[in-house]
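Data first, discussion second: the structure below is written as structure tokens.
The values are calculated or read from the model by the stated rules, or taken from the named source; none is laboratory data. What you see is a predicted model; the values in this text were computed from it and never measured. Counting neighbours? That spans all protein chains shown, and the Cβs are built from the backbone with ideal geometry, glycine included. With ligands, DNA and RNA removed, areas are computed over all heavy atoms of the protein, side chains included. Shrake-Rupley method; radii C 1.70, N 1.55, O 1.52, S 1.80 Å.
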Amino acid sequence: MSYIDGFVLAVPTANKQKFIQHATDGDSVFVEYGATRVLECWGDDVPNGKQTDFRRAVQAKDDEAVVFSWIEWPDKATRDAGMEKAMQDPRLKPEANPMPFDGMRLIYGGFSPIVELGGKKN
């Protein structure tokens with residue numbers, strides 16, 4: 001089974017292209033250190049909930065889009081080793097790849113899949 005790092009963040013809609021470049025540059029580092037797949041998904045159908053929702057979770061403003069992302073790793077041990085290397089990599093430092101969003105409102109966590117259906121077979 002795999003291991004997943006998940007992220008939810010708010011990105012100013014004016015920074016969409018900057019975010020795409022930021023993600024393209026940064027995500028390649030995770031792949032280099034063992035990630036099998038990275039997806040960055042720009043919200044286009046993110047409704048307001050009655051009690052909670054993605055927008056409130058990241059305090060998204062009217063001029064911001066919600067981005068839902070994840071990094072797939074083969075297992076937690078590969079993730080732990082790869083993430084440790086990635087966090088030391090100068091290509092991910094703010095000076096080299098500045099975040100075009102407010103990182104203080106980013107939500108992230110690591111997850112062990114408990115159900116997996118479909119998908120490609122290797």
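Put simply, of Gly82, Gly110 the only residue that is touching a helix residue (DSSP H, G or I) at 6+ places or on another chain (Cβ under 8 Å), in a helix (DSSP H, G or I) and open to solvent by less than 100 Å² (accessible area, probe 1.4 Å) is Gly82. Among residues that are assigned to a loop (DSSP other than H, G, I, E, B) and not aromatic (Phe, Trp, Tyr), Ala14 is not included. If the condition is being closer than 20 Å to Lys18 by Cβ and open to solvent by 100 Å² or more (accessible area, probe 1.4 Å), then segment 36-54 contributes only Asp44.
For Pro94, the criteria (1) modelled with pLDDT of 95 or more; (2) within 21 Å of Ile20 (Cβ to Cβ); (3) outside any helix (DSSP H, G or I); (4) open to solvent by 30 Å² or more (accessible area, probe 1.4 Å) hold in every case but one, which is (1). Checking each residue in segment 54-79 for being of a type in the set (Val, Ile, Thr) and either in a loop (DSSP other than H, G, I, E, B) or free of Cβ contacts under 8 Å to residues at least 60 places away in the same chain (or both) picks out Val58, Val66. The set of residues in segment 1-11 being open to solvent by 30 Å² or more (accessible area, probe 1.4 Å), in contact with a Pro (Cβ under 8 Å, 6 or more places away or on another chain) and part of a strand (DSSP E or B) consists of Ile4 alone.
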